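Please find one structure pasted underneath; my questions will follow.
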Amino acid sequence: MEDIGRRIIDVLEGNEHNGVKLKEKRVIVAEDIFPSDMAMLDHDKILGIATEKGNIYSHAAIMAKSLGIPAVVGVKGLLHAANVKDQVIVDGTSGQIYLNPEKQVRDEYLRLEKEYTTRLKELEPLRDLPAVTSDGTRILLRANIGLLSDVRTAIANGAEGVGLYRTEFPYMARTTFPNRQEQAALYGKILEGFPNQPVNIRTLDIGGDKGLPYFSYPHEDNPFLGWRSIRVSLDEEEIFREQLAGILLAAPVGQATIMFPLISCLDEVRRIRAILDSVVEELCQQGHDVCSGLPLGIMVEVPAAVQIIDRLAAEVDYLSIGTNDLIQYMLAADRNNAKVKQYYEPYHPAVLHAIKRVADVGRQTGKKVSLCGEMAADPLYALLLVGMGIREFSLSAPSIPLVKQAIRSHSLRLCQAMARKVLAFDTACDIKRYLAIRRKKLFG
Ligand code: PEP
Ligand code: MG
C-alpha cells in the first residue's frame, strides 16, 4: 500500500516515473526499498543496498540476492548517520555497514573482495557438474528468478532450470497489466533461456509487500493475512485467466510447469483446475495448439497445507515448500519486520518437522517435492534438508555453486545422521548449537 501510495503521489506531482535513475555505479541508502524499486532500477549500476527498514526475507532483499547485489537491511539510525558522497562498505555476508571507513578497514575489505572473487572463480568448474552426494544421490539445483536479467545469472551459476519464477516482479515495472500475448512473449523469453530444462512458472503472488501500481488494492490491517496471492487470482478471475492463457500460449517454447502460491485448502486446487481447464478449452476453440497436460504444482507455505498435505498431494503433480512464508505463518512472525526477527526462526522444530512431513508424504505418494525458500541457500542447511528427504532445491542463483560444492563433498549418510539428530532436539537453541559445531567441522 505504501508503495502504491508513493507512486500515486509521484504521478500527481508530475514526477517522471521511471524509478530512481542512477548515472553512475552507486550504493543505495534508503529508509526502505520496495520490490517495485528493485524491478525498475538499473541493476548493473547498484553496487550495494543499505536500508533502515526490512528483513532479509523481504522480497526486495531476495531480489537483490538473486542478482548478486550485496544488501544489508534493518539498520537502525542509518539515514541519520549517512550522507550523500559518504564512502560505504556493504558487507552482505556479516550484515555490517561501514560509513567512511578507516584505511585499514577499506584495505581489509579490498582483500576480502579479492578473495571472494578468487573463490567464485575456483567454483566455476563446478558449473557443469551435477550436484550429487559423495555416495551417489542426485540433487537438483534450480534457480529462483523474477526478472529477465536473472536468467543470465542463473545460467552463469549452473542452474538446472527454474524452480520458481516469481511472475509478479516483471509486472511491477509496468504501468498497465500485460495482456495474454505480452505475457506469453515474456514467459517465452524465459523458457528460451532454458531450452532443455523445466521452468516452473508461479502465478501472480501480489499483496503483502508486493503491489502493482495499476492494480487498486483495499486497505487491510493485516495484509499478510489478507487478500494476497492465489486469493486475488481466484477473486479476480479475468486477471487469472489472462495469466493462465499467457502461460499456456508460451508453454510450447520449452518445458513449462505451472505453480500456485499460498494454497490453504483443497477447494482452491479444484477451482484452479476448473479454471485452467476452461482456459485450455477457450484457447483450443480459438485454434491454438495448447498443451492440456501441463504439470500443476502448489506451494506449501501455509501451515494448513502441511496439515492436509496427503490430500493435496493426491490432487496435484508436485509440491514446492516456500519456507519464507511457511516460517512466518507457522511462527506468527512477519518476514519483513525487523522487530520480530528473533521469532522468525528457520531452525524452530515446528518448521523442521513440517518440512519433514511434506518430504515424507512426497516420497509415499510419489509426488516430487522441492524447496524454494531462502533456507536452502545456506550450504549446511541444504545438507540438513537433503538428510530430511528433499532432493530438489530452488534458490538464488549466486548461492548455487557453494551449495553444490557442499553436496558433492558430503555423503547422504552424513546428511541423514545430521537430520536424525536435529529432529530429535526440542528447541531451536539446541539445534543451532549443534549445527554451529557441525558447520565448524564440515566447513572450517
Ligand atoms: C516462499 O514463501 O518461501 C517463497 C519462495 O515465495 P515468496 O518468497 O515469493 O513469497
Ligand atoms: Mg511465498
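What follows draws every value from the coordinates through simple rules; no lab data is involved. Bear in mind the structure is a predicted one, so any value in this text is a computation, not a measurement. Here Cβ is always computed from backbone atoms with ideal geometry, including for glycine, and neighbour counts include all displayed protein chains.
Which one of Leu442, Gly366, Gln255 has its Cα pushed farthest toward the positive end of the charge dipole of the stretch 131-443, where Lys and Arg give +1 and Asp and Glu give -1 at the Cβ?
Of Leu442, Gly366, Gln255, it is Leu442.
Could I ask something else about it? Order the peptides 388-395, 110-117, 406-413 from the highest to the lowest mean number of other Cβ atoms within 10 Å of their residues.
Details: 388-395: 23.5, 110-117: 11.0, 406-413: 17.9.
Taking the mean over residues of other Cβ atoms within 10 Å, the ranking is 388-395, 406-413, 110-117.
Using only Cα atoms, locate the centre of the stretch 244-288 and the centre of the stretch 74-125, then give the distance between them in Å, rounded to an integer.
What the calculation gives is 45 Å, centre to centre.
Once a ≥ b ≥ c are taken as the square roots of the eigenvalues of the Cα gyration tensor of the stretch 2-122, is the result rounded (a/c under 1.5), prolate (a/b larger than b/c) or oblate (a/b not larger than b/c)?
In terms of gyration-tensor shape, prolate.
A follow-up question, please. Going by a ≥ b ≥ c, the root eigenvalues of the Cα gyration tensor, does the stretch 131-443 fall in the rounded group (a/c under 1.5), the prolate group (a/b larger than b/c) or the oblate group?
Verdict is prolate for the stretch 131-443.
Can you tell me which of 82-92, 66-76 comes out highest on packing, and rank the rest after it, using the mean Cβ neighbours within 10 Å?
In descending order of packing, they fall as 66-76, 82-92.
Report relative contact order for the chain in percent, whole number only (criteria: Cα-Cα under 8 Å, sequence separation at least 6).
16 percent
Further question on the same structure: Which residue, Ala159, Ala428, Ser411, has the largest displacement toward the positive end of the dipole of the chain when charges sit on each Cβ (Lys, Arg +1; Asp, Glu -1)?
It is Ser411, whose Cα lies furthest towards the positive end.
Would you work out if the stretch 321-444 is rounded, prolate or oblate? Take a ≥ b ≥ c from the square roots of the eigenvalues of the alpha-carbon gyration tensor; rounded if a/c is under 1.5, else prolate when a/b is larger than b/c, oblate otherwise.
rounded
Oh, and also: Could you compute the net charge surrounding Ala376? Neighbours are other residues with a C-beta less than 11 Å from the C-beta of Ala376; K and R count +1, D and E count -1.
Neighbourhood net charge equals -2.
Points 7 angstrom from Cα along the Cβ direction at Asp310 and Cys429: gap in nanometres?
Calculated label separation equals 3.6 nm.
Pull up the DSSP beta bridges for the stretch 131-443 and report the antiparallel fraction as a percent, rounded to 5.
10 percent
Let me ask you something else. Suppose every K and R has +1 on its Cβ and every D and E has -1 on its Cβ; what is the size of the dipole of the stretch 2-122 about the Cα centre, in Debye to the nearest 20? The partial results should precede the final answer.
Values: 17 positive and 20 negative charges, 68 e Å.
Roughly 320 debye for the stretch 2-122.
Here's another thing I want to ask about it. Out of residues 5 or more away from Asn200 or on other chains, whose amide H comes under 5 Å of its own, with H placed 1.01 Å from N in the peptide plane?
The list, which skips near neighbours in sequence, is Val162, Gly163, Leu164, Tyr165, Thr257.
Continuing with this model, one more query. What is the dipole size for the chain, taken about its Cα centre, with +1 at each Lys and Arg Cβ and -1 at each Asp and Glu Cβ, in debye to the nearest 20?
Once rounded to the nearest 20, the dipole reads 1920 debye.
Val199: net charge of surrounding residues, Cβ under 10 Å, Lys/Arg +1, Asp/Glu -1, itself excluded?
For residues surrounding Val199, the net value is 0.
Using the Cα centre of the stretch 120-176 as the reference point, and only Cβ charges (+1 on K/R, -1 on D/E), how large is the resulting charge dipole? Debye, rounded to the nearest 20.
Rounded to the nearest 20 debye, it is 220 debye.
Given the options Leu12, Val27, Tyr57, identify the residue whose Cα lies farthest towards the positive end of the charge dipole of the stretch 2-122 (+1 on Cβ of Lys, Arg; -1 on Cβ of Asp, Glu).
Final value for the positive-end residue is Val27.
Determine, for the stretch 131-443, the count of lysine pairs separated by eight or more sequence positions (or lying on different chains) whose alpha-carbon distance falls under 16 Å. Working shown, then result.
On the way: Lys341/Lys432; Lys356/Lys367; Lys356/Lys368; Lys356/Lys421; Lys421/Lys432; Lys421/Lys441; Lys432/Lys440; Lys432/Lys441.
Number of lysine pairs found: 8.
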